[in-house]
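> Before we start, here is the structure in question, set down as structure tokens.
The values are calculated or read from the model by the stated rules, or taken from the named source; none is laboratory data. All of these numbers come straight from a predicted model, not from anything done at the bench. Methodologically, a virtual Cβ is constructed for each residue, glycine included, from the backbone with ideal geometry; neighbour enumeration extends over all protein chains shown. In case anyone asks, the SASA skips ligands and DNA or RNA and just uses the protein heavy atoms, side chains included. Shrake-Rupley method; radii C 1.70, N 1.55, O 1.52, S 1.80 Å.
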Amino acid sequence: MRHSLLVGLAGLGLLLVPGRAEAQWSLRLALEAPLYSHVSSNGQSSSVGINESFQPTLDLIGSWFFAGSVALDLELRRGIAATGGYPRQETWLGPGVTLDVPTFPLYGRASLPIQIEDGTRLFLRVGGGLKILDVAFIRVYLELTADLGLAGGGVSAFGSQAVNAALGVWFKI
């Protein structure tokens, strides 16, 4: 058993070694909008749907694929507008990870975005996407994500949730 554990750990170590031949960079740019969001903060609760307010954001993600299908990400998300008298989405920055098997039409990702405007809040973002077009170094994708509040800004753990949809372009560098 000890031998199996050592072999497994050595294999994992090989996956995590930077500078492998297949290491690759990528850049994603998407237009994203929350379909539904709910916030419960300091005893107050509110919900907003896309039918009440369209709040588009630009989502920029830089990725480094260090182990074939696994990438480390840095995500920057910035609200650009809002309708219905609601404020635009805040600015977020945070690390993440993406699992993308090139021969499979779906991918998954998770991140920990931190709100860096109007106070500090930490979220867990999980999601996945469908690769619509994948030609040479460019890919067009649809993505659904869920944001779950973890801490900060009067939000208790999972006291805030949002479901978002995005359409984006993914460049492999």
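> Can you give me the angle between helix 2-16 and the longest principal axis of the chain, using Cα atoms only, in degrees from 0 to 90, rounded to the nearest 10?
For helix 2-16, the angle is close to 60 degrees.
> Roughly how many Å² is the accessible area per residue of region 33-154, as a whole number, for a 1.4 Å probe?
49
> Write down the radius of gyration of the chain and its Dmax, each obtained from C-alpha positions, in Å.
Cα only, the chain: 18.1, 63 Å (Rg, Dmax).
> Contact order normalised by length for region 17-173, with contacts defined as Cα pairs under 8 Å and 6 or more residues apart; what percent is it?
24
> For the chain, what % of the accessible area comes from carbon and sulfur atoms, probe 1.4 Å?
Here it works out to 72 percent.
> Rounded to the nearest 500, what is the 222 nm mean residue ellipticity of the chain from helices alone, with -39500 (n - 2.57) per DSSP H run of 4+ residues and division by all residues?
-3000 deg cm²/dmol
> For the chain, with only Lys/Arg (+1) and Asp/Glu (-1) charged at the beta-carbon, what is the dipole magnitude about the Cα centre, in debye rounded to 20?
That gives a dipole near 380 debye.
> Between region 72-108 and region 112-166, what is the C-alpha centre distance in whole Å?
About 5 Å separates the Cα centre of region 72-108 from the one of region 112-166.
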